[in-house]
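Student: There's a structure below that I have some questions on.
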Amino acid sequence: MNNRKSRVIIGLLILIWTVLILIGYYRSHKPFTFDQVFILSKAIFQTAIAGIMIVLWGGLGKKLYQLFFSTYHPTLTRQLGLGLGVFSIIFLICSACLAIHFWISVGLLLGLCLLVFQDSLLWARQLIAVVAKFHPITHWEKSIFWLILLNVLLAWLTAASPPIKYDALLYHLELPKWYQIVGKFSFNPLNERWGMPQIGEMLYTFIMSIAGDSAATILAWFLGLFALLATIEIFPNWQENRWKWLGIVTPLAGISFVDSLSWGYIDWLTYFWGALALQALISNITEGNPHPMVEVGIFCGFALGTKYTAGALSLAIAIGLIWLWFTWSPWRAKELSKQNKQYLGGVIPLIGAELTFGLVILAITLPWWIKNILAVGQPFYPLLFPAGPMTPLRLRFYSLQPVWGNGWTSVLLPWMATMLGVEGKVGFSSSIGPLWLLLSPMAWLGCRSQTGERKVIIQIMSIIGVILWLIWGIGARLSGIMIQTRFYWSLFPALVVLAVIGYENISNLGQKPLKLIFITDGIILLIFTFTTIQMVTLTLSRKSPQYLFGIISKEEYLQDNLGWYAIAMDKIYKLKPSKPVLLLFEPRDYYCLPYCDSDEILDEWYYRSYRAGAELVNAESILKEIEKQGYGYVLVFMDGIHYVQQDDKRYTVDQWRLLDQMLTSLKLVENFGQSYLLYKLPE
């Protein structure tokens, strides 16, 4: 007994001695600073909040399916999609009628948790089971798996850092930040993009109000990952084969796709909706979905409610339905039997299916049309018709942007978008990778010998691809901005389906005289390795790891990535002027809100320098008008001027001369490296 007590006492003394040694040593030899712990802990907290919301939205979607589609068992991602889409509308109503506040958002989170806790647990278990299916077997699969994991981690490092990407600072995160400053969802006349549908921005606003700015970019990162999973779940038998890796690698082989996981944009969300719509459509062919038009319409409605150009998905699927009707006899027979119709008189069910599809889309998107009507009296603001701040002159300027390329650019669009699309450059502005163009055409190898279901799927996906080609090509000839690849991501899951089928067709060609699948696997691995090297280089050059580990400050991180913009915005924010600053030729005002008003579509000087769109105004009149609107300063982005002068011929020499004349009459407050010039208006 005494020996036992002695051992306990000796053990406790050793433990105390160890603790004292460690405390004493690391008190003067700190392995990390408080800033390092705080920044990394904040990133982990934001990731946890975003993950919790994903699970709760999945549970909400599961409950909604049980309530309204009780005989149907949808995929994991369709449950998530329905949940987060419905929640965005709920939050829109709450934020417009009540307020946007930390405690209101926390109350919504807790209320949702109480409502769908059991469903969320079931959904989370289903998610774990699905993730477990991604078990690499061959050496090729293991290589692909580790490259995917590395790319996803690199994207998270940037997503967890302060936002730096252009459109996020322009409106995807700017609008949520503005709502929080104002305290509710309300009309923002200073940003024309307020008129766009905002499902993505509502989700970002909600999570930013709880966990801060980077929580939104981390949420976008999560949504991108689930968009990839949604693409895999298009294939009913995805768990049993290696093709699932192609469904992930095909988009991620393009640096714009994998890097944009961290941007806080809404393009991956439109991709997500496109994949879910195709899931619902194909499930009608392979599983006998009892409510195909309603379900497809819901996800197409959410796509249009996220981005106007995602409406192309609805048009493509509507045309695909017509093809499905006349080529897939089992579906036609089922619909005809419901109506007790013979085939020759059976077009009416097709019309009924299309009407159901359209009405569901209208119902889902109605809140966004209503908010525009209430704000400016025009549902499609800021497009099509003048309304509110969008005068006829500004609408003409916004719509008729200089066209990039020529007619052959549209005719050869798949080739041009792949070869000439470079991230951050004019034109397509995206590097999408070569796998789409390499593998998608191979889907038609041996198409005649394919089974009925498979053949119809190839045809429908090809129709969607052709519609994408037509809409994209025509849009690119009408307006320069419509050539950008990101506008059409909602249709790209159809190309993934074709690419996966093309890969399978190559694998079925046999091994003589060439083992083509072996060569194809090597090429795919090589392409993805190149993309991974780009991601590593980008992440290290941005210094995202250095920021997250507290090696550099937030100010240093922003200055390294945004240059003089970060310094100028920081100056304005710290100045806290009593009168706001008008930005000229600078569309991004995220880091100087609420003390500035940006030049969102680079037309601020264009419409201020004209009277009624025809006659130039003198500098004195322009200054009086600016002062009358309550501005106290003008910040001019000189690099923005040089960019517009080089590429935009809508501005005339007289307008540039008038700008020089006005700036000469103002007092220069500060020069930010000849990049930004801050002027003070006369008292």
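Student: Kindly indicate which of TYR607, TYR633 is among the aromatic types (Phe, Trp, Tyr), in contact with a Lys or Arg (Cβ under 9 Å, 6 or more places away or on another chain), open to solvent by 50 Å² or more (accessible area, probe 1.4 Å) and in contact (Cβ under 8 Å) with a residue 40 or more places away in the chain.
Tutor: Within the list TYR607, TYR633, the selection yields TYR607.
Student: Looking only at the stretch 530-545, how many residues end up being within 19 Å of LEU562 (Cβ to Cβ) and without any contact (Cβ under 8 Å) to a residue 24 or more places away in the chain?
Tutor: 4
Student: Within the stretch 146-158, which residues are in contact (Cβ under 8 Å) with a residue 24 or more places away in the chain and surrounded by fewer than 16 Cβ atoms within 10 Å (Cβ to Cβ)? Lay out the reasoning, then the answer.
Tutor: Step one: list which residues in the stretch 146-158 are in contact (Cβ under 8 Å) with a residue 24 or more places away in the chain, which gives 147-148, 150-152, 154-158.
Once the filter is applied, which keeps residues that are in contact (Cβ under 8 Å) with a residue 24 or more places away in the chain and surrounded by fewer than 16 Cβ atoms within 10 Å (Cβ to Cβ), the stretch 146-158 yields only LEU150.
Student: Identify all residues within the stretch 182-191 that are modelled with pLDDT of 90 or more and either in contact with a strand residue (DSSP E or B) (Cβ under 7 Å, 6 or more places away or on another chain) or among the β-branched types (Val, Ile, Thr) (or both); write none if there are none.
Tutor: VAL182
Student: Follow-up. Considering the stretch 159-210 alone, what residues qualify as being over 21 Å from PRO379 (Cβ atoms), open to solvent by less than 20 Å² (accessible area, probe 1.4 Å) and under 13 Å from the mean Cα position of the chain (by Cα)?
Tutor: ALA159, ALA168, HIS172, LEU173, LEU203, TYR204
Student: Also, I was wondering about something else. Quick check: is even one residue across the stretch 394-405 β-branched (Val, Ile, Thr) and at pLDDT 85 or above?
Tutor: no
Student: I'm checking my understanding of the structure. Among residues of the stretch 425-465 that are among the basic types (Lys, Arg) and in a helix (DSSP H, G or I), which one is modelled with the lowest pLDDT?
Tutor: Residue satisfying both the conditions and the ranking: ARG448.
Student: Of the conditions (1) within 21 Å of ASN191 (Cα to Cα); (2) under 36 Å from the mean Cα position of the chain (by Cα), GLU625 satisfies every one except a single condition; which number is it?
Tutor: With (1) within 21 Å of ASN191 (Cα to Cα); (2) under 36 Å from the mean Cα position of the chain (by Cα) applied to GLU625, the lone miss is (2).
Student: From the list ARG486, ARG477, exactly one residue is charged (D, E, K, R), more than 21 Å from the chain's Cα centre (by Cα), modelled with pLDDT under 95 and within 27 Å of LYS425 (Cβ to Cβ). Which is it? Working first, answer last.
Tutor: Details: ARG486 fails: more than 21 Å from the chain's Cα centre (by Cα).
Being charged (D, E, K, R), more than 21 Å from the chain's Cα centre (by Cα), modelled with pLDDT under 95 and within 27 Å of LYS425 (Cβ to Cβ) holds for just one of ARG486, ARG477, which is ARG477.
Student: Shifting gears a bit: Taking the stretch 354-398 on its own, how many of its residues are surrounded by 14 or more Cβ atoms within 10 Å (Cβ to Cβ) and either within 24 Å of ASP647 (Cα to Cα) or in contact with a strand residue (DSSP E or B) (Cβ under 7 Å, 6 or more places away or on another chain) (or both)?
Tutor: 13
Student: Let me ask something else. Quick test of your reading of the structure: LEU261 fulfils all but one of (1) buried (at least 23 other Cβ atoms within 10 Å of the Cβ); (2) part of a helix (DSSP H, G or I); (3) out of contact with any Gly (no Cβ under 7 Å at 6 or more places or on another chain). Name the failing condition by number.
Tutor: LEU261 satisfies all of (1) buried (at least 23 other Cβ atoms within 10 Å of the Cβ); (2) part of a helix (DSSP H, G or I); (3) out of contact with any Gly (no Cβ under 7 Å at 6 or more places or on another chain) except (3).
Student: Are any residues in the stretch 230-259 free of Cβ contacts under 8 Å to residues at least 40 places away in the same chain and within 21 Å of the chain's Cα centre (by Cα), and if so, which ones?
Tutor: ILE232
Student: Tell me which helices (runs of 4 or more DSSP H) are completely within the stretch 468-584 and hold 2 or more residues being under 17 Å from THR418 (Cα atoms) and open to solvent by 20 Å² or more (accessible area, probe 1.4 Å), or say none if there are none.
Tutor: Passing ranges, in order: 516-542.
The values are calculated or read from the model by the stated rules, or taken from the named source; none is laboratory data. Remember, predicted model here, so these are calculated numbers, not experimental data. Note that we place each Cβ from the backbone using ideal geometry, even for glycine, and neighbour counts take in every protein chain shown. These area figures cover heavy atoms from the full protein model, side chains too; ligands, DNA and RNA do not enter into them. Shrake-Rupley method; radii C 1.70, N 1.55, O 1.52, S 1.80 Å.
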